[in-house]
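Working notes, beginning with the structure itself.
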There are 2 protein chains.
Amino acid sequence: MAVNTVASTTASDSTHPGVSLGPAVALSCRECGERIPLGPHFACTACFGPLEIAYELPEGDPEALRARIEAGPDTIWRYAPLLPVPADVAAKPNLNPGFTRLVRADRLAAELGVTGELHVKDDSGNPTHSFKDRVVAIAVEAARAFGFTTLSCSSTGNLAGAVGAAAARAGLRSCVFIPHDLEQGKVVMAAVYGGDLVGIEGTYDDVNRFCSELIGDPAGEGWGFVNVNLRPYYAEGSKTLAYEICEQLGWRLPDQLVVPIASGSQLTKIDKGLRELIALGLVEDRPYKIFGAQAEGCSPVSQAFKGGHDVVRPVRPDTIAKSLAIGNPADGPYVLDIARRTGGAVEDVTDAQVVDAIKLLARTEGVFAETAGGVTVGVTRKLIENGLLDPTLTTVVLNTGDGLKTLDAVAPTTGPSAVIRPSLDAFRAAGLA
Amino acid sequence: MAVNTVASTTASDSTHPGVSLGPAVALSCRECGERIPLGPHFACTACFGPLEIAYELPEGDPEALRARIEAGPDTIWRYAPLLPVPADVAAKPNLNPGFTRLVRADRLAAELGVTGELHVKDDSGNPTHSFKDRVVAIAVEAARAFGFTTLSCSSTGNLAGAVGAAAARAGLRSCVFIPHDLEQGKVVMAAVYGGDLVGIEGTYDDVNRFCSELIGDPAGEGWGFVNVNLRPYYAEGSKTLAYEICEQLGWRLPDQLVVPIASGSQLTKIDKGLRELIALGLVEDRPYKIFGAQAEGCSPVSQAFKGGHDVVRPVRPDTIAKSLAIGNPADGPYVLDIARRTGGAVEDVTDAQVVDAIKLLARTEGVFAETAGGVTVGVTRKLIENGLLDPTLTTVVLNTGDGLKTLDAVAPTTGPSAVIRPSLDAFRAAGLA
């Protein structure tokens, strides 16, 4: 089939002979198309472009494939035939993320003036309560395949916890790197799984640079950095969001999706996942629009989109949406391409709008989102107001994490309606009866 | 069939004519057996004993019922035929809790010396990350059936959030009552859903007493208090834990279950659920043992069990396991009965053992449990050591909530392995390579 496939690749081509990662057959450069065998590589040897997975996806009857998926486990592993994982992945110890709720959001729709179907894909239901469990689960399989014994990453919080938990469950060692001045809550969430957690005196950029050095050093031998040398595998985990949304809609493409942008990888992989479903005949081929969402305090892609540029100019992040605060998003140009190609857009909202949107979603649907979910809901509202998103169509808005992880964002404006003595008179006087 | 059924009851018997809550046919006194029609009642009019739901459960072919359940949604509503909810419950806006992961815990088993199957039922995956979503979801259906427009409760945290979220999603007003001095994090989690949250100047006992007054007052008219006047319905939600565990084991009873005790209601309803599955022929009838778990600082049921008493003497709670800190557990005597009848036991662990057990579970399985989960894992270890729990059999340990909600328990002893400058030399010197 037509989506990123090669005619054939045998295991003996590989730098890791015997590696079997299901339908994944090679690494392919997103810039020049150069192909190399599967291995722990992330940059093209010819042009230094980013690598991604090329597949030989299952051919044949879409009905049979649909039935096979539906008979699978209630996790991302139901899509194992479309992922770079071994066929027996579900039998291995892992956190079994995915197949999170798609919430039909009628009350939110009413507030936003949406007359079509509005759904929230709520990824706070994952084991460590963010979409990171999806991508890390795929990276763990790559780590096992390449014989890595330590799982690592640079992180500002969510990813550190996801890696720590996944490594613990898989019986791998973990050693993750964070800026030394992270909030104590995030440190606890990352450290509780018992792996090594190293605070680096510096910014997140310093942490990243240090990890790149470590990969080239003997001290980092046998280490799989999920978001560096395992990144091509890791990133594919986001395709499962696209698969689940379509399956949960009854094997149907939504008309519009609103997706948060950090590095931009999630948005590009959701587009890849949708195109795969079309190519495989699992959904009817019809137009869809992908909208990207950023916080104003870190909106390089939104600025480029609105300015009509192809180049994304790096910014210094300053927003409460810390899980989206990547000032130099690696996939920014690809996001611009996708938004333009599909007829979508990229928009941003202020921190105050993020907080309002978190509360709006909680109040209408009982879903308490991380700041990133406030960004997507807030951007959805703004896109409707400025006429870019059609409120009469079927729209899916992503919430990629849990409000428990970013309590500070809403704490200053969220509290009791009243504090009273335990008496009926006091209660009546409070005006809440 | 034999489990808590009556020959027939028609809707016209009811104080709420037209109320249809599936197989639920009456309220039945757990002490004297007196039956009254379904309604928002919690105490027997004859003897003041606690009321519970009596059912007319589906008769006929167990295979057909199993198939019907398996074809249902991946939520507690797959068991709607066995719950006091309308048949179309899954189509109503609700949080869709349940069908959480049953984690096969081989690495934990190895540390505990368990050679049989060890599983953790991980209820942190529920929408607001505790088992409370199960019980509240059932209470919401009762509230709708009885025409209540405000959902309420007394709470020290988890329940307030679960009620706030469920009411928001259902489009009901909520007004929940908490002690005024709760930690800010818990206040935020409860208030973010936009309902009214009232701090009461006093202890949790004062909050409870105030809610009982409010039910009898015109100011509380039209209010459903999930854990007071809707308690018989609410409590049934815990049966779904038993159903899910058996279905996830392949329609098989575990040999041993370790369940936390707060009021004791969850443990008694799990036993009720298991007996229903046996009576319906959905699982093979064979012996099972139920073990209760408490924190030493609030262990009235454990003390009574070990002392050989039938009466549970109230205590003043002093433990980090706040979600289990009920000093006068209403279902305590029923728990003693069940532990003795099934050949189980009730045991308790110190706060230090709770913290150790939280970390043990996180380190071995990547599951970060609330303090209540530390209690059950810690008690499991103790029960194995003192020979009361057989490590060669199939055991299921419950984790009823999420570690993110009780970060304070592990924070003092959980932190980075090292803090270093971003250099390879500094990393090598830290001894982590």
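Coordinate-derived values only; no laboratory data. Predicted model, so just to flag it, every value in this text is computed and none were measured. Neighbour counts run over all protein chains shown; Cβ positions are idealised from the backbone, glycine included.
Peptides A:133-140, B:186-193 ranked from most to least packed give A:133-140, B:186-193, packing being the mean of other C-beta atoms within 10 angstrom over each peptide's residues. Relative to the dominant Cα principal axis of chain B, helix B:332-342 is inclined by about 80°.
Close amide H contacts of B:GLY116 (hydrogens built in the peptide plane, cut-off under 5 Å, sequence separation of 5 or more or a different chain): B:THR392, B:LEU393. Label-to-label distances for A:SER20 across copies, nearest first, come out at 5.4 nm, using points 7 Å from Cα in the beta-carbon direction. Taking a quarter of the surface of the Cα convex hull of chain A gives a mean projected area of 22.5 nm².
Which residues does the label zone of A:ALA110 cover in the stretch A:315-357, counting backbone N under 20 Å from a point 7 Å along Cα→Cβ? Label zone hits: A:357.
Annotation: Cα Rg of the stretch A:84-154 relative to the compact-globule expectation 2.2 N^0.38 Å equals 1.54.
Taking all Cα-Cα distances within the stretch B:359-403, those exceeding 17 Å account for 31%. Averaging the Cα positions of each part gives two centres, and for the stretch B:168-198 and the stretch A:159-199 these lie 31 Å apart. Could you list which residues have their amide H under 5 Å from that of B:VAL176, counting only those 5 or more apart in sequence or on another chain, with H placed in the peptide plane? Sorted by chain and number, the residues that satisfy this are B:ASP196, B:LEU197, B:VAL198. Every Cα-Cα pair in the stretch B:132-234 was counted, and those over 15 Å apart are 55% of them.
How much of the DSSP beta bridge set in the protein assembly as shown is antiparallel, as a percent to the nearest 5? Intermediate values should be presented prior to the final figure.
Numbers: 28 of 94 bridges.
Here the share of antiparallel DSSP bridges comes out near 30 percent.
The Rg/Rh ratio of the protein assembly as shown, with Rg taken over Cα atoms and Rh as the Kirkwood radius over Cα pairs, comes to 0.96.
Under the definition of partner shielding as Cβ atoms of other protein chains within 10 Å of a residue Cβ, what is the mean value for peptide A:359-365? Mind showing how you got there, number by number?
Numbers: counts 4, 1, 3, 9, 8, 5, 6.
Mean shielding count: 5.
Could you give, in nm with one decimal, how far B:ALA279 is from each other copy of that position, shortest first, with labels 7 Å out from Cα toward Cβ? Reported distances to equivalent positions: 5.6 nm.
In whole Å, how far is the Cα centre of the stretch A:126-157 from that of the stretch A:419-433? First find each Cα centre; the distance between them is then 51 Å. In order along the stretch B:192-203, the phi-based Karplus estimate (6.51 cos²θ - 1.76 cosθ + 1.60, θ = phi - 60°) of 3J(HN,Hα) comes to 5, 7, x, x, 7, 10, 10, x, 9, 6, x, 8 Hz; Gly and Pro are listed as x. Counting only DSSP beta bridges with both residues in the stretch A:132-234, the antiparallel share comes to about 0 percent. Placing a pseudo-label 7 Å from each Cα along the Cα-to-Cβ vector at B:ALA90 and B:ARG313 gives an inter-label distance of 5.0 nm.
Give me the net charge for the shell around B:GLY161: Cβ to Cβ below 10 angstrom, other residues only, Lys and Arg +1, Asp and Glu -1.
Charge balance near B:GLY161 sits at +2.
Once you sort the root eigenvalues of the Cα gyration tensor of the stretch A:11-55 as a ≥ b ≥ c, which label holds: rounded (a/c under 1.5), prolate (a/b larger than b/c) or oblate (the other case)? Prolate shape, in that a/c is at least 1.5 and a/b is the bigger ratio. Under the combined filter of DSSP loop state and at most 16 neighbouring Cβ atoms within 10 Å, the stretch A:171-274 retains these GluC sites (Glu not before Pro): A:GLU183, A:GLU201, A:GLU221. Per residue of peptide A:393-399, the mean number of Cβ atoms on other chains within 10 Å of the residue Cβ is 0. Quick one: check the C-alpha center-to-center distance for the stretch B:217-265 versus the stretch B:71-120, whole angstrom. Their Cα centres are 13 Å away from one another. Each other copy holds its own label point for B:THR203; taking that point as 7 Å from Cα along Cα to Cβ, the gaps run 5.2 nm, nearest first.
Protection proxy ranking for B:98-106, B:60-68, A:420-428, using the average of other Cβ atoms within 10 Å per residue and placing the highest first: B:98-106, A:420-428, B:60-68. Listed by chain and number, the lysines whose alpha-carbon sits under 17 Å from that of B:LYS322, ignoring those within fewer than 8 places in the same chain, are B:LYS132, B:LYS186, B:LYS405. Here's the list of lysines a cross-link from B:LYS289 could span, going by alpha-carbon distance under 20 Å and ignoring same-chain residues fewer than 8 apart: B:LYS121, B:LYS239, B:LYS269, B:LYS272, B:LYS306, B:LYS382. 3J(HN,Hα) along the stretch A:314-329: x, 10, 9, x, 8, 8, 6, 7, 5, 6, 10, 7, 10, x, 10, x Hz, from the Karplus curve 6.51 cos²θ - 1.76 cosθ + 1.60 with θ = phi - 60°, whole Hz, x for Gly and Pro. Close amide H contacts of B:VAL397 (hydrogens built in the peptide plane, cut-off under 5 Å, sequence separation of 5 or more or a different chain): B:HIS119, B:VAL120, B:LYS121, B:VAL258.
Local charge for A:GLY22 was computed over the other residues whose Cβ lies under 12 Å away, with Lys and Arg +1 and Asp and Glu -1, and equals -4. Take each residue in B:103-114, count the other chain C-beta atoms within 10 Å of its C-beta, and the mean is 1.
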